[in-house]
Amino acid sequence: MSLRTELFDYDLPERLIAQTPAARRDASRMLVVDRRAHTIAHHVFGDLPQFLGPGDALFRNNVAVFPARLLAHRPTGGMVECFLLRPAATADEWWCLLRPGRRLPPGATFGRASEFTATVMARDDDGAARVAFVTARNEPVLALAHRLGQVPLPPYIHHRHTEGERRLDRERYQTVYADRERSFAVAAPTAGLHFTPGLLERLAAMGVRCADLTLHVGLGTFRPITAATIEQHPMHHEIYSLPPETHRRLLHGPGVGRRIAVGTTSVRAIEDALERHPEPWSPPVPLVADTAIFIHPPRTFRGVDALITNFHQPRSTLLCLVAAFLSPGTTDGIAWIKQIYAEAIAREYRFLSYGDAMLIL
């Protein structure tokens, strides 16, 4: 069955694309979808404990966003924007997006006085460049980024001009449970942005557990589907790590109730991992894998019973995933998600990364 991409299109008013986060993380609005009753209700995210109970488990992506945007200059003085994507084969090489890319072919150099020089070594078919860095302080590239880089915001959020705006992004475009020591991503797992330490404490007191995984979110998450059918879309790759204890909870061990995925990135890691390992594995070491899983109707789900997510862009793979989850095993979710989004637009919910949430039960 081929599904036309236009089925996943809708008109998103630009005024509803959130440019800043809510005043409080858990003050975001939350549209609650009950799949069995086929109803929707309107709440705030702080009401989440009303819908969860003892034994439920939140499966969350603890990846941290790092300041991946480096500004530099070519030897001629021209400006360069270097967007760090992921490490390459050696410690001093990274795959990057470069602007202006056409003026930086293999062999070209750029840098920042007294800080670093960089040489373009190669390019891949998607336009990414493999760049070798030499840092003045002999520091790792990741440390250089943390010192000099800027937080990479999604393309639909306007660039910040003041230090106060950039400071807000550094704080709020990051989950409160992000593992900043062992993970990095160029985009936040935005469904998790609504949680506060206090809300997590309330849930823990109720007997709701948290299970972490790490999926290194890449820029491909923002890539729209441009093919005529969704099956023709070249899905992006992302690396994830799933601890053995998280895998055990996904297999419905003792005392585990509903498995609630926090965000589409968590769903991708969970479903890929359970396809690879539907049974417990040994020895108990983390599963590390590279996934290009594309979840769309009429898919069924192995490891997710409920989903917390944001409102997504038209013609996006994320919208396809949510449509599949609304009605697993059928294509009925395509029409339903359009009805839900029409209601959200009519009530002026805030959309995309800094926007409001949806809970699907």
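Just so it is clear, none of the values below were taken in a lab; they were calculated from the coordinates. Keep in mind it's a predicted model, so treat the numbers as computed, not measured. Don't worry about glycine lacking a Cβ; one is built from the backbone with ideal geometry, like all the others, and counts go over all protein chains shown.
Only one residue of Trp94, Thr309, Phe59 has its Cα farthest out toward the positive end of the dipole of the chain, where Lys and Arg carry +1 and Asp and Glu -1 on Cβ, and that residue is Trp94.
Using only Cα coordinates, the Kirkwood hydrodynamic radius of segment 112-164 works out to 13.5 Å. The coefficient of translational diffusion for the chain, derived via Stokes-Einstein from the alpha carbon Kirkwood radius under 10 °C and 1.306 mPa s, stands at 74 µm²/s. Between Phe45, Phe325, Phe116, the residue with the greatest mean-square fluctuation in the GNM of the chain (Cα pairs under 10 Å linked by springs) is Phe116. In summary, the helical segments of the chain meeting the span-like criteria, namely a full DSSP H run, a Cα extent along the axis of 20 angstrom or more and a mean Kyte-Doolittle hydropathy of at least 0.0, are 332-346. Computed about its Cα centre, the charge dipole of the chain is approximately 520 debye, with only Lys, Arg, Asp and Glu carrying charge at their Cβ. Once you divide the Cα radius of gyration of segment 158-255 by 2.2 N^0.38 Å, the number left is 1.38. The charge dipole of segment 69-148, taken about its Cα centre with unit charges on the Cβ atoms of Lys, Arg (+1), Asp and Glu (-1) only, comes to about 260 debye.
Restricting attention to the chain, close to 70% of DSSP beta bridges with both partner residues there are antiparallel.
With a cut-off of 12 Å between beta carbons, the residues surrounding Glu271 carry a summed charge of +3, where Lys and Arg count +1 and Asp and Glu -1. The charge dipole of segment 92-204, taken about its Cα centre with unit charges on the Cβ of Lys, Arg, Asp and Glu (plus for the first two, minus for the last two), comes to roughly 300 debye. The Val134 and Arg223 beta-carbon pair, evaluated with R₀ = 35 Å, returns a calculated FRET efficiency of approximately 0.65. Each semi-axis of the equivalent ellipsoid for segment 69-148 is √(5λ) with λ an eigenvalue of the Cα gyration tensor; in descending order they amount to 17, 15, 10 Å.
Take segment 31-99, drop everything but the C-alpha atoms, weight them equally and run the Debye formula without solvent; then report log10 I(q)/I(0) at 0.22, 0.25, 0.28 Å⁻¹ to two decimals. Log-scaled intensity ratios, in q order: -1.07, -1.24, -1.29.
Please state, as a whole number in µm²/s, the translational diffusion coefficient that the Stokes-Einstein equation yields for segment 12-161 at 25 °C and 0.890 mPa s, with Rh defined as the Kirkwood radius across alpha carbon pairs. Working shown, then result.
Working: Rh = 18.8 Å.
For the chosen part, D equals 130 µm²/s.
The sum of -39500 (n - 2.57) across all DSSP H runs of n ≥ 4, divided by the residue count of the chain, sets its helix-only mean residue ellipticity at 222 nm to -6000 deg cm²/dmol.
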